[in-house]
Amino acid sequence: MYNRKAWKHVFKLDPNKSLTDQQLDQICQSGTDAIIVGGTDNVTLDGVLDLMSHIRRYTVPCVLEVSTLDAITPGFDFYHIPMVLNSREKKWMMDIQHQAVKEYGHFLNWDELVTEGYVILNPDAKAYQLTNCRLPDSDDVIAYAQMAEHMFKLPIFYIEYSGTYGDPALVKKVKQELQHTQLVYGGGIKHRSQAEEMAQYADVIVVGNGLYEQFDEAIETVAAVKH
Ligand code: 1GP
């Protein structure tokens, strides 16, 4: 079993976007700690299987971030289950997860499930709009982090700025609240200096869109974080 608590850097690949086989090879061999497959729009089983079969040629751990019940498949090392803490609708916090467990609970390997308390902070992000989020201020975010750590005892607290670079001062403040819950930061990391900045505070940084926009700079974020 992989020690996911030691991860510092992960790439997130979107089954709805494309990269060349050569780029995928480079990502898998980049030295990143894990590759997450996940997205918001048009996540299909075929898209997920295509990516998984490519990543599986390498030893890098492979995670499915579950966004739709239709695209769940065996074969991943871990299944990340988001719960959107700042959604206005209980559906995104509890009900979809409930439905999934009701349907698949009998054959789930619970050790592979990792629940993430998400706070989505970019109102332009598709996930923010889809899950009907409310924009929290920094005191709200701190309180969500405290709930993740002390009330829900979640393995991961995920500060999500998907598509835009976030506020390092907020990430720093949140980190001070977390001891057992791992702090994941994702959003707008395109190059080394941003990776270095967020990695000072977050336990794990996630690089997604950068791979589809500035591939070479995105690959360099690994070296920026893991020396
Ligand atoms: C998205 O947090 C990840 O879920 C990464 O964000 O795509 O902006 O890098 P970016």
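The values are calculated or read from the model by the stated rules, or taken from the named source; none is laboratory data. It should be emphasised that the depicted structure is a prediction, and the values quoted were computed from it without experimental measurement. Using ideal geometry, Cβ is built from the backbone for each residue, glycine included, and neighbour counts are taken over all protein chains shown. Calculation scope for accessible area: heavy atoms of the full protein, side chains included, ligands and nucleic acids excluded. Shrake-Rupley method; radii C 1.70, N 1.55, O 1.52, S 1.80 Å.
This table checks each residue for (1) more than 16 Å from the ligand (Cβ to nearest atom); (2) of a type in the set (K, R); (3) open to solvent by 30 Å² or more (accessible area, probe 1.4 Å); (4) farther than 14 Å from F78 by Cα.
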residue	(1), (2), (3), (4)
V37	no, no, no, no
N42	no, no, yes, yes
L45	yes, no, yes, yes
M52	yes, no, no, no
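What residue, among those in the range 109-142 that are among the hydrophobic types (A, V, I, L, M, F, W, C) and exposed (fewer than 14 other Cβ atoms within 10 Å of the Cβ), is modelled with the lowest pLDDT?
Looking at the filtered set, the residue picked out is W110.
Can you go through D140, D124 and tell me which one is more than 10 Å from the ligand (Cβ to nearest atom), assigned to a loop (DSSP other than H, G, I, E, B) and over 19 Å from T32 (Cα atoms)?
D124
Please state which of the following conditions M147 fails to meet, knowing it meets all the rest: (1) part of a helix (DSSP H, G or I); (2) touching a Leu at 6+ places or on another chain (Cβ under 9 Å); (3) over 20 Å from N16 (Cα atoms); (4) open to solvent by less than 30 Å² (accessible area, probe 1.4 Å).
All conditions pass for M147, except number (4).
Taking the condition of being more than 21 Å from T164 (Cβ to Cβ) and in a loop (DSSP other than H, G, I, E, B), how many residues in the range 176-202 meet it?
6
Is it the case that V119 is assigned to a strand (DSSP E or B) and more than 17 Å from N86 (Cβ to Cβ)?
no
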